[in-house]
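What follows is a short report on a single structure.
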Amino acid sequence: MGSQLAVLVERWCDSEGIVPELRPTRAQLEANFWTRNQPWRVGADHRRLASWERRYGFPLPASLKNWLRLSDGFFGEKGPLVHPLSAIGPMVPFARMPGLVVQPESWIELGNPNLETVCLDLAYSWPEGGNPLFTSGDDMRQSPPRIIATGFAEWFLRLLHRGGAEYWFDPGFIGLGDPWAEHRRRVPTPKLPDRLRRLVPRAGPLARRGLDDRALADGLGISRNDAEVILRHWQHAPSDYAEMGAESGA
């Protein structure tokens, strides 16, 4: 089992162009991942990967797809470092984020190694990196969400060297920012159809009251899907709503 994992990791490193001196050794992998649980699985084929991307509307990072083709997930002793493709999907929030009402559709849960889920933002790429990885945070543990890597390859390679340890909880680890603040800064404001834009003066005051999509839909007499579209736009550009509300006398 250990030697098979080493072969898969070597093939993944080849696909990523990782130089030999930065790769984990066979001895490291066998020492760190030699458990009763097999960390690798039979890979996902192109058809399944393409189906996932059509369903969620975002391409997966190439480095993640390269791994999933070799192994459908990656498993540590306490949980999946990388979920199987069937379990990679919309993030479940465990911590509140100021200014966030509806989480971005691009926030995808990647794995649940132990203490907190690890997620991807598929809406933008970090300069000289890839899609950023962040932790979901946990209000009960008083742990805020934070960006922990600039791309999957960087994160996964570090985990392989560390035996799957959640290095982002190490003393002195410095995160790369707040996931929602960085998303708002780097991703354009979601478009709002003209038929919903006319509701902005009425929607702004309701959104500022902290209404969810159901309550906003009831207040405006629209569907929950339309209410969610408005909330996605409003939370990204709340100043637009304040200005338009003021212009209308709302």
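I'd like the residue in the range 187-217 that is surrounded by 15 or more Cβ atoms within 10 Å (Cβ to Cβ) and not hydrophobic (A, V, I, L, M, F, W, C) and, out of all such residues, is modelled with the lowest pLDDT. Taking the candidates together, the pick is 204. Counting only residues that are more than 26 Å from the chain's Cα centre (by Cα) and exposed (fewer than 14 other Cβ atoms within 10 Å of the Cβ), the range 218-235 holds 3 of them. Of the set (1) among the charged types (D, E, K, R); (2) crowded, with 17+ Cβ neighbours inside 10 Å; (3) on the phi > 0 side of the Ramachandran plot, all apply to residue 121 but (3). Only one of the listed residues (39, 59) is touching a helix residue (DSSP H, G or I) at 6+ places or on another chain (Cβ under 6 Å) and surrounded by fewer than 15 Cβ atoms within 10 Å (Cβ to Cβ). That residue is 59.
With 176, 160 as the choices, which residue is touching a residue at least 24 places away in the same chain (Cβ under 8 Å), assigned by TED's automatic domain parsing to the domain that holds residue 114 and part of a helix (DSSP H, G or I)? Don't jump to the end; show me each part of the working.
Details: 176 fails: part of a helix (DSSP H, G or I).
Just a single option satisfies the conditions, and that option is 160.
The values are calculated or read from the model by the stated rules, or taken from the named source; none is laboratory data. Since the model is a prediction, treat every value here as computed from it, not as a measurement. All Cβ positions, even for glycine, are placed from backbone atoms using ideal geometry, and neighbour counts span all protein chains on display.
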